[in-house]
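S.K.: Here it is, the structure in full.
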Amino acid sequence: MKSVFRHMAAAAVLCCGLIAPAWSQYVVGAGASIDMSGGGSWDIGCLPVQVEGSLIIGAGQFSTGSNLDIAGSGVFNGGTGLLQVGGNLSSFGTFNPETGSVVLTDGCIGNTSQLSGTLVFRNLTLSSSTGRTFVIPAGTNITVLGTLTLQGAPGQNIQLISSGGGTAVINLGPGATVNRTFATVAGNVQIGAAVAASSIPTLSEYGLMLLALLMGMAAFWHHRRGATTPHA
């Protein structure tokens with residue numbers, strides 16, 4: 001009996017030491033993991049999440065109404081599931097989208113969500129019913145391989161702006177699609193490849209030779225007509 005109790009106590013200490021919910025933050029410590037490969041749904045409310053270990057979505061759904069940060073030592077695996085974030089999303093660790101989906105939407109704090117770090121998504125949704133502003137990092141740090149959905153509400157367009165003075169680019173993978181409804185995208189936010197400037201058609205070497213020949217013939221004909229025209 002004492003042995004069982006000791007094992008339970010040790011497990012509790014390990015759990016609380018590695019995955020430590022607190023009043024202000026929920027931390028997945030280095031070496032720990034949240035693994036939802038078996039499915040299911042876990043909503044931790046308004047607590048921000050700091051991932052220093054592993055967050056494995058698998059076939060499940062993980063939600064926070066606040067910020068989610070993947071630290072330098074952290075690993076995110078999207079599986080086939082859903083990650084929902086109501087605040088900022090940042091990754092300075094390993095972010096594996098796999099075939100899952102990420103949704104940034106209205107949450108517990110403010111009316112602005114900022115993306116930071118290098119993030120590659122399979123499916124990304126930016127949605128709001130309150131005219132939320134989504135801040136995209138300047139540069140080319142965001143990539144969507146599958147579907148990008150920008151979804152606002154009537155009279156409450158979501159706003160996409162750059163985090164700085166430079167252009168913020170959301171790269172689109174081959175075959176990626178964009179669904180856009182009630183969304184306002186700032187001029188310095190670019191979705192997909194930039195539109196190539198129209199080039200001025202140029203003549204080939206043979207075309208230039210032909211043009212020169214025609215101009216020469218026209219000049220010769222004009223000169224000949226002038227020479228043969230009788231004067232009054």
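S.K.: Which shape class, rounded, prolate or oblate, goes with the stretch 43-142 when its Cα gyration tensor gives a ≥ b ≥ c as root eigenvalues, a/c under 1.5 marks rounded, and past that a/b bigger than b/c marks prolate?
M.R.: rounded
S.K.: Using every alpha carbon pair in the stretch 16-194, what percent of pairs falls into each 10 Å bin from 0 up to the bin containing the largest distance?
M.R.: It works out to 11, 39, 37, 12, 1, in whole percents.
S.K.: Further question: Which ordering of Arg180, Arg132, Arg122 is given by a fewest-first count of other beta-carbon atoms within 10 Å?
M.R.: On the way: Arg180 16, Arg132 23, Arg122 20.
So the residues, fewest neighbours to most, are Arg180, Arg122, Arg132.
Coordinate-derived values only; no laboratory data. These numbers come from a predicted model, not from an experiment. Virtual Cβ from ideal backbone geometry, glycine too; neighbours counted across all protein chains shown.
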